[in-house]
Every structure is written in structure tokens, then in C-alpha cells.
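First the structure, in the form of C-alpha cells, and then the observations on it.
The values are calculated or read from the model by the stated rules, or taken from the named source; none is laboratory data. A quick note: this is a predicted structure, and the numbers were derived from the prediction, not measured. Neighbour counts are summed over all protein chains in view; Cβ atoms, including those assigned to glycine, are modelled from backbone coordinates with ideal geometry.
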Amino acid sequence: MEKIESVGKIRVLDELEIRHFRKGALINEDLDVIDLVVDVGLEFIARLLNGVSTDAFLQVACGEGASGPTNGDTVLGSEITTAGGQRKGATCSYEASYIAKWITTFNFTGTFAVTEEGIFDAVGPPPAGNMLVRHVFTVKNVEDGDAIEFTNRITISRAP
């Protein structure tokens with residue numbers, strides 16, 4: 001039997017939009033922050049494809065960790081677990097053109113220097129669940145009453 005090689009390759013691209021609100025007004029916006037789909041995230045994408053895992057990635061967490069993301073990350077650097085910054089369920093949808101979308105708004109009741117965000121398959125606190133992606137970004141200094149809205153889009157496409 002002749003061996004047939006597949007020429008199809010898949011690419012997973014994760015993008016993040018961050019909107020920071022103070023007293024209901026938008027004070028900062030970062031669009032198209034590219035991040036890292038971590039090794040465990042890639043593993044669980046494969047496990048979800050064939051039903052070996054059925055735990056969907058529905059929870060979003062934010063934190064104050066400053067170290068850059070690495071392929072081997074399994075948790076955020078310093079996940080926030082109090083004052084409105086604890087893990088939350090996202091509003092999830094299929095946007096179009098092979099794009100999965102998560103929208104999550106954190107309403108803070110304390111002061112934090114938010115620098116990271118990730119998507120998980122379990123409710124916190126850490127280290128609960130498996131992490132799909134991790135973003136590290138320029139600090140968003142939040143105060144009591146501030147909100148941050150994270151919009152994640154993961155595009156699955158054919159690699160060039």
C-alpha cells in the first residue's frame with residue numbers, strides 16, 4: 001500500500017481585545033494582542049476533537065503575574081481570586097469563519113495591577129482546571145468600581 005502524506009496543516013491563532021472602564025467610561029483599549037496557546041491547551045483541543053475530554057473551556061481568569069507566557073505554562077503567574085477578579089464564566093459563541101469567541105467582564109471592588117488573562121476548563125480557585133491560553137499585557141491599574149472586558153477570539157485555520 002502506498003503511503004499518502006497529508007499536506008493539510010492546522011493553525012491556531014488566539015487574539016485578545018482588552019477594554020478598561022472607569023466610572024462607565026472607556027479609558028483604555030488594546031486590540032489584537034496576540035498570545036500563546038499553551039501546550040496543555042493544544043493537548044485539550046485534540047482531546048475535545050475526539051471526545052476523550054468533554055470539559056469545555058468556559059472560564060476566564062485574570063492576574064497580576066508579569067513573566068512572559070511560555071509553552072509549558074499551566075496556570076497564570078499570579079491569579080486574582082478576590083474583589084471581583086476571581087474566575088468567571090464567559091459568554092461563548094461561534095463568531096464566523098472558524099472563530100470561537102469568549103467575552104468576559106470583571107467588575108472590580110478592589111485595587112489591582114492586572115497584567116495577564118487566561119481561559120480555563122474549570123471554575124477556580126487556582127490551580128483548578130486546564131489552561132487553554134495565556135496573555136500577558138501592559139498593566140491595567142484598576143480601582144474599586146472599574147471594569148475590564150476581555151474578548152478572546154481563537155481562529156482555527158489552514159496553515160500556509
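Points to keep in mind about this one:
- Set GLU43, GLU95: member being acidic (Asp, Glu) and in contact with a Lys or Arg (Cβ under 7 Å, 6 or more places away or on another chain): GLU95
- Residue in region 149-157 that is touching a strand residue (DSSP E or B) at 6+ places or on another chain (Cβ under 7 Å), of a type in the set (Asp, Glu) and farther than 30 Å from SER97 by Cβ present: no
- As a summary of the residue check, LEU76 satisfies the conditions (1) at pLDDT 95 or above; (2) more than 21 Å from ILE154 (Cα to Cα); (3) assigned to a loop (DSSP other than H, G, I, E, B) except for the one numbered (2).
- Single residue of SER67, SER93, SER78, SER97 found to be more than 12 Å from the chain's Cα centre (by Cα) and touching a residue at least 60 places away in the same chain (Cβ under 8 Å): SER67
- Selection from region 25-64 of residues that are under 16 Å from LYS140 (Cβ atoms), in a loop (DSSP other than H, G, I, E, B) and either over 14 Å from the mean Cα position of the chain (by Cα) or among the polar types (S, T, N, Q) (or both): GLU64
- Wholly within region 84-160, strands (runs of 3 or more DSSP E) carrying at least 2 residues that are out of contact with any helix residue (DSSP H, G or I) (no Cβ under 8 Å at 6 or more places or on another chain) and more than 21 Å from ILE45 (Cα to Cα): 99-107, 112-120, 131-142, 147-158
- Take the conditions (1) closer than 24 Å to PRO125 by Cα; (2) out of contact with any helix residue (DSSP H, G or I) (no Cβ under 9 Å at 6 or more places or on another chain); (3) of a type outside the set (S, T, N, Q); LEU49 misses just one of them, which is (1).
- Filter result for the condition that a residue is at pLDDT 90 or above, on the phi > 0 side of the Ramachandran plot and of a type in the set (D, E, K, R), over LYS23, LYS88: LYS23
- Only residues that are touching a residue at least 40 places away in the same chain (Cβ under 8 Å) and either farther than 19 Å from GLY129 by Cα or exposed (fewer than 10 other Cβ atoms within 10 Å of the Cβ) (or both) were counted in region 27-54, giving 4.
- Residues in region 127-160 that are farther than 25 Å from TYR94 by Cβ and β-branched (Val, Ile, Thr) were compared, and the one that is surrounded by the most Cβ atoms within 10 Å (Cβ to Cβ) is VAL142.
- Only a single criterion out of (1) within 20 Å of GLU149 (Cβ to Cβ); (2) out of contact with any Gly (no Cβ under 6 Å at 6 or more places or on another chain) is not satisfied by ARG87, namely (2).
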